[in-house]
Each structure stands twice: as structure tokens, then as C-alpha cells.
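To keep things clear, I will list the structure first and then write my remarks on it.
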Amino acid sequence: MALGAGHARPFPEPLAPADSGPLSVVWHAGGDGRQPAQPELTGPPPPRVTGPTPWEGHPALLPPDPDLEPLHQRDYVVRAWKRSDDSMLIRGAVMDIKPGQPFTERIIAAGGDDDGRPLLVHHMVVDLVVRYPDLTITDAAVVFEAFPNAGCPGITTHYRELIGLSIARGFTHQVRERFGGPRGCTHTTALLQAMGPVAVQAVFGMRGSLPTGDGPVDRSAGPDQPSFMRDTCHVWAADGERWQALAMGASHPQPLPMQQRVRDSGLDPARLNLAE
């Protein structure tokens, strides 16, 4: 299901370049006039893209479903765009749906009519504008498209406190401290924890698009090595083989998917390093 599909208020396309200004927020009372007022992300209309999107052509995320009774589905989608040479837009969404059949059966048994569609329980969308190269959040907005309780959207403006936080280090801890438990929405906070790593992944695209290769680097670990990768996982442990090799001046290792992409093209990964 495309973001915004089936809703009266589809979300905007990625915001226009940074010189168009920060995120703007418009308050509305909901499509039926009964929902609490909440913000809606707005922005100048972007150029229309024709043909396949950059997100098409990837393998299926999950293997085929097993022959079992379905109970629940949760989807996270996070995407990143370049706004300017010093700014990125990170947009994430979380959606919970339940199979419609159990509800349909009860409605029909009670004399009603139902089309059997899945039940949409949660749909939250978060936009973060992230400054490059220090990965500081400079703007943030949250919209609740679907929610189980009338009071749910009342927490959306609290997430403005994301502004000023750094995604480079300690972001997950800061999110839990500020928005965990009764201080936030469980589902939005979980989504934010999935968005941080996407901003870090997007840095490599930002560095590659700049002629100088600027970015947060650690000169003690070889030229142009991103300092934020150190100690982020067991492969990048500061005392591990890979980081120690970089500290001794080794070149940045080319990730395996990039090596395979080069091989598939008929070229030798030893002669073309897509990570450099």
C-alpha cells in the first residue's frame, strides 16, 4: 500500500530543496470533524518523477507466507532524500493492519455488511530534516493517519523536541529518554529508532554526491573513514580486525553487495570500488 493511498489527505511527495524553507505544519480537525486537531506536513510541490522510482526492482522483503492463520502485520518504511549539499530529508512510516475476515464474520452475523478489507490500526508518519555532515536534526514533524484512541494525536507536537538531537551518536538512548513509555507514542518512538540507522546509511550517498567527499570522518582510521561506524556493531568494533586495518592505512573495504554488482556488470571489483 503506497503511503497515503486510500486516505483523504495523501502525504506530500519529498519536500523541495532546502532553500524552500523548513517543514511547515498545518493544524486540521480530521476528515470527519470529530478527531482531535493534529499537524499535517506540507511543503511546496516537488518536480514530478516519471518512470520507475528509485525504490523499485528489489527482492521481496519476506519469503512466501506459510500455510497458517494470519494474525497481524506491521510494516516499517524509511526513505532518505538529499535536499541540498548540507541537508537530508528522512521520512519514515509505521503501519499496523489486522486481517479483516474475523471482523467481517462478526459484522455479517450481526446483520451488517462488510467488504472484508484489512483493519488499519496504526499509521504514523515522521519527517526529519537532518543537517549534513554533523547529522543534527533541524526540523521534525509527526502526523497520525490512523490511531485507536481519540487522544493519540495529542502527543504529536511533543516530538518537536527531536530538533537539536544528533543522530550520529546516542540517538536511540535520547529517543528512549525523551519519548519512551508515557512520554510518547510507543509506535512513533519505535519508528524513530528505525530511522536513525537510515540517516547514517544515507551519509554514504551524500559523501558520494559531493566533489570533496566531505563528511564526518576519523583521520586516525585512514583517509575519509566515517567515525560514526566505529563500535556500532561487532564488525566495526574499535579493537576488531576491520577497524584496526583502517587505522593502519588500509583502504575502505567494498561491501559484498557492491562487489557482486560490479561482477554482474562484467567488471573486476579489485579495479572498481564503489565504496570509494
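Every number here is computed from the coordinates shown, using simple stated rules; none is lab data. Being a predicted model, the structure only gives us computed values, none of them experimental. As a convention, Cβ positions derive from the backbone with ideal geometry for all residues, glycine included, and neighbour counts pool all protein chains shown.
Below is a table of values for the structure above.
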| item | result |
| --- | --- |
| Normalised convex hull volume, the range 69-209, alpha-carbon set, Å³ per residue | 131 |
| Computed lengthening from LEU274 to HIS58, 0.36 nm per intervening residue step minus Cα-Cα distance | 75.9 nm |
| Proximal charge balance of VAL94 [Cβ under 9 Å; K/R count +1, D/E count -1] | -1 |
| Segment HIS158-ALA109, extension gain: residue separation times 0.36 nm, minus the distance between their alpha carbons | 13.4 nm |
